[in-house]
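Below is one structure, written out as structure tokens; the observations come after it.
The values are calculated or read from the model by the stated rules, or taken from the named source; none is laboratory data. What you see is a predicted model, and the numbers here were worked out from it, not measured in a lab. Every residue, glycine as well, gets a Cβ built from its backbone with ideal geometry; the counts of neighbours run over all protein chains shown. Heavy atoms of the whole protein, side chains included, go into the accessibility calculation; ligands, DNA and RNA do not. Shrake-Rupley method; radii C 1.70, N 1.55, O 1.52, S 1.80 Å.
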Amino acid sequence: MYKIHPKTLFIGQILQYLPSCQSTNDEASVLIAQIDPNEGLVVITDNQTAGRGQRGNQWEAKAGENLTFSLLLKPGFLMAKDQFWLNMAISLGIYDALQPLVGSALRIKWPNDIYVSDQKLGGILIENTLHGYSIAWSVVGIGLNVNQTEFGYSTATSLQALAPLPNTYDLPGLLSRLCETLEQRYLQLRSGQRDTLKINYLQILYRFQEEHSFESEGQAFRGTIIGIDPNGRLAINANGQVRYFGFKEVSFSI
């Protein structure tokens, strides 16, 4: 049973713990449909049996060893076209909590992954419900590899693998800290501090301003990430031409 006491105004003040479920995002969406839940409610499980990433990718997490949770937010101040700003705020909130633990190699890989060097530490899946042109509800799904050290693919890592503790990491304590840093960044967004958020985001963006190989529509190319456009598309300078890519339109060669 999870019991946390984050120093927050609303994020994590109400927590719904499920020993097992298919998807915390799905459970959170059911709450929105059935009741009017409080903003900041967290749904967390020890065992997510059908977790998924962006556009249906599967998420691997061993029961009881990681953090798999969803956060309910009501960003009615955000227009649908501006939804990537929430992605930036959430990414920065996660970074703020984890960077003291794993150091300067921590990066945000566009659009929704948490990386240390070239290995994946976690992922984000934000699903929005619209009301007119604005966002009524956001279900922010977060999966972080914490104490698991064996994975089915070599590009995965965890806090325990990167910075091992003798008795492993305290999951409720880490969740509490995440609630605090996520709220700080969300309040920055709500108060209109977009310039600060974007500057901070680009500072920790994976492979920003470095030349690397990419692939789009089956074609490999070399390019340099130069930024994010207002719609959240990745801007890559390839041979002097700036190209813009939405989700799943470009892949990184790692």
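Structure data summary
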{"item": "Verdict on Tyr244 being within 15 Å of Asn112 (Cα to Cα) and either under 18 Å from the mean Cα position of the chain (by Cα) or in contact (Cβ under 8 Å) with a residue 12 or more places away in the chain (or both)", "result": "no"}
{"item": "Residue selected from segment 142-172 under the condition part of a helix (DSSP H, G or I) and in contact (Cβ under 8 Å) with a residue 60 or more places away in the chain, by the criterion surrounded by the most Cβ atoms within 10 Å (Cβ to Cβ)", "result": "Leu159"}
{"item": "Candidates Phe84, Phe69, Phe77, filtered to the one that is within 19 Å of Glu127 (Cβ to Cβ), open to solvent by 40 Å² or more (accessible area, probe 1.4 Å) and either modelled with pLDDT under 95 or not assigned by the TED database to the domain that holds Pro230 (or both)", "result": "Phe77"}
{"item": "Leu205 vs. criteria over 23 Å from Leu72 (Cβ atoms) and under 16 Å from the mean Cα position of the chain (by Cα)", "result": "yes"}
{"item": "Matching option when the condition is touching a Leu at 6+ places or on another chain (Cβ under 7 Å), of a type in the set (A, V, I, L, M), farther than 15 Å from Glu65 by Cα and free of Cβ contacts under 8 Å to residues at least 40 places away in the same chain, among Ile114, Ile126", "result": "Ile114"}
{"item": "Residue within segment 191-205 that is among the charged types (D, E, K, R), within 24 Å of Gln83 (Cα to Cα), touching a residue at least 60 places away in the same chain (Cβ under 8 Å) and in contact with a strand residue (DSSP E or B) (Cβ under 9 Å, 6 or more places away or on another chain) present", "result": "yes"}
{"item": "Arg194, sole failed condition from (1) over 21 Å from Tyr115 (Cβ atoms); (2) of a type in the set (D, E, K, R); (3) in contact with a Ser or Thr (Cβ under 7 Å, 6 or more places away or on another chain)", "result": "(3)"}
{"item": "Filtered residues of segment 99-115 (kept if open to solvent by 10 Å² or more (accessible area, probe 1.4 Å) and either outside the structural domain of Gln83 (by the TED database) or of a type in the set (Val, Ile, Thr) (or both))", "result": "Val102"}
{"item": "Looking only at segment 1-54, and only at residues there that are in a helix (DSSP H, G or I) and hydrophobic (A, V, I, L, M, F, W, C), the one that is least open to solvent (accessible area, probe 1.4 Å)", "result": "Ala28"}
